[in-house]
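A short worksheet on the structure shown next.
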Amino acid sequence: MSVENTILSNLICNEPYARKVIPFIRTDYFTDKNYQVVLDMITAHYFKFNSVPSKETLAIDLDGAGYNEQMFNDCKDIIENLSPDSSELEWAVDITEKFCQEKAVYNAIMGSIEILDNKNKDKTKTAIPEMLSDALAVSFDTHIGHDFVEDSEERFDSYHRKEEKVDFDIDLLNKITMGGFSKKSLNVILAGTGAGKSLAMCHFASHNLTQGKNVLYITLEMAEEAIARRIDSNLMDIRYDELELIPKDMYEKKMDKIASTTKGKLIIKEYPTATAHSLHFKALLKELELKRKFKPDIIYIDYINLCMSSRLKGNVTANSYTIVKAIAEELRGLAVTFGVPIVTATQTNRAGFADSDVGLENTSESFGLPATADFMFALIRSEELDTMDQVMIKQLKNRYADPAAFRRFVVGVDKTKFRLYDAEDQAQFELSQDAEDNLADQLTVNKLRTFSDFKV
């Protein structure tokens, strides 16, 4: 029995199978026109009556369809040869998914050839990456939701199951995230120009690599080699501006040591500014998996404001809020699809650049970004902090834990080696004392203001 015949047989004899498969199967996956006709009749009946048709029902529908004699007889033969299938549900769904995936890729390749040969006048060459990306992304979503009562035991077990996270080498960042970045999350660093967005991401990526994690670093601002140089500086413990001074044999020894102590891989991919969007990243992930057997554990995108939206590309009427919100939603969707945390960054607006206390209102271009993010923190510089080689981290949004705990704290920074490190406890104490003093002052002001409101 052919795969096509197996699929059609299951569609009329196995209703649980039909409910899982029908939303995803397409007639153009079948090369035989007669099989396409039968599939169309099955799906039309299903969507109209919310049930699978019998062979008798299909025969009646075929009689009234008005096809020529040859097509009628061919379709009749197909219907008559459909028989109950004893295959297990999971197996049947699995082979159908693989069938659809293979056909989708084949159709995309053939469609691309038609475009290149100018046989398809409706699409240009720019449509090819999206066609291929969509084909590679074909997958059955068979999960129908969490039953609050029926799935309560599974839910209870999840409370006691340690979530696999990508952790930090900064103690307080681990505390406020309950162990690191979660899978399927969008995490955003907010900072002004030169405040350390790329430095922080390069440091985190370096640490992830030493953990044995696979890291994908997408840069839309700097060259691949510039990012790699920063990570060299971090991992080799050599000043960024002195890397070219070390002899080749020393560099190779340090590189060999890194390679021998890390099990993960780091891939750095550069895109020109404002040319790439989530579909390009999706295609890249599929290509890396196919060509290099590489699946990232975490993805860094440097940075979100330099991305495009796949939904709004070429839309000149869309405002910055709509565009940035769309990009954020697409990146979070990418994180969910591939089951990894995505870390990106954004600029502060002009007010935030000069402000010593950055908030969500200082997010450049769009408040839609913090609305979409799972975790967001600001990097805040000051002259005083710069003299102590420190930068302040302030929580802005936190779906991992209570954002009120350790609302702000300082970390050490070595700009020469693109490193962050835990600051001494005394620095955190002084910061907390300053915060308490500021809070007391504000409460006093509020009391005086309240009192003045009632003065006659």
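State whether the range 375-417 is rounded, prolate or oblate according to the following rule on the C-alpha gyration tensor (a ≥ b ≥ c being the square roots of its eigenvalues): a/c under 1.5 gives rounded; otherwise a/b larger than b/c gives prolate, and the remaining case gives oblate. Intermediate results must be reported in sequence, preceding the final value.
Values: a/c = 2.96, a/b = 2.28, b/c = 1.30.
In terms of gyration-tensor shape, prolate.
Once a ≥ b ≥ c are taken as the square roots of the eigenvalues of the Cα gyration tensor of the range 1-57, is the result rounded (a/c under 1.5), prolate (a/b larger than b/c) or oblate (a/b not larger than b/c)?
rounded
Which order, highest average first, do 328-340, 290-302 follow once you tally other Cβ atoms within 10 Å for each residue and take the mean per peptide? Before the final figure, lay out the partial values.
Details: 328-340: 19.5, 290-302: 17.8.
Those peptides, ordered most packed to least, come out 328-340, 290-302.
Quick one, what does Rg over Rh come out to for the range 165-423 if you take C-alpha atoms and the Kirkwood Rh? Mind showing how you got there, number by number?
Values: Rg = 17.8 Å, Rh = 18.7 Å.
Expressed as Rg/Rh, it is 0.95.
Close amide H partners of Lys269, meaning residues 5 or more places away or on another chain with modelled amide H under 5 Å apart, are Tyr217, Ile218, Thr219.
The range 364-424 and the range 115-177 have Cα centres separated by 27 Å.
Within straight-line reach of Lys48, meaning a Cα separation under 19 Å, sit the following lysines at least 8 residues removed in sequence or on another chain: Lys20.
Here are several values of Cα Rg over 2.2 N^0.38 Å: (i) 1.51; (ii) 0.95; (iii) 1.26. Which one was derived from the coordinates shown? Answer by label: (iii). Rounded, prolate or oblate: which fits the range 35-83, taking a ≥ b ≥ c as square roots of the Cα gyration tensor eigenvalues, rounded meaning a/c under 1.5, else prolate when a/b beats b/c? Since a/c reaches 1.5 and a/b is larger than b/c, the shape of the range 35-83 is classed as prolate. For the range 3-136, the mean projected area of the C-alpha convex hull, equal to one quarter of the hull surface, is 9.1 nm².
Highest mean packing comes first when the peptides 223-230, 38-45, 260-267 are listed by Cβ atoms within 10 Å, giving 38-45, 223-230, 260-267. In this structure the amide hydrogen of Lys397, modeled in the peptide plane, comes within under 5 Å of the amide hydrogens of Met376, none closer than 5 places in sequence on its chain. Straightening the chain between Arg292 and Asp256 buys 10.9 nm, computed as 0.36 nm per residue apart minus the Cα-Cα spacing.
Here, each number is a calculation from the coordinates, and none is a lab measurement. Being a predicted model, the structure only gives us computed values, none of them experimental. Don't worry about glycine lacking a Cβ; one is built from the backbone with ideal geometry, like all the others, and counts go over all protein chains shown.
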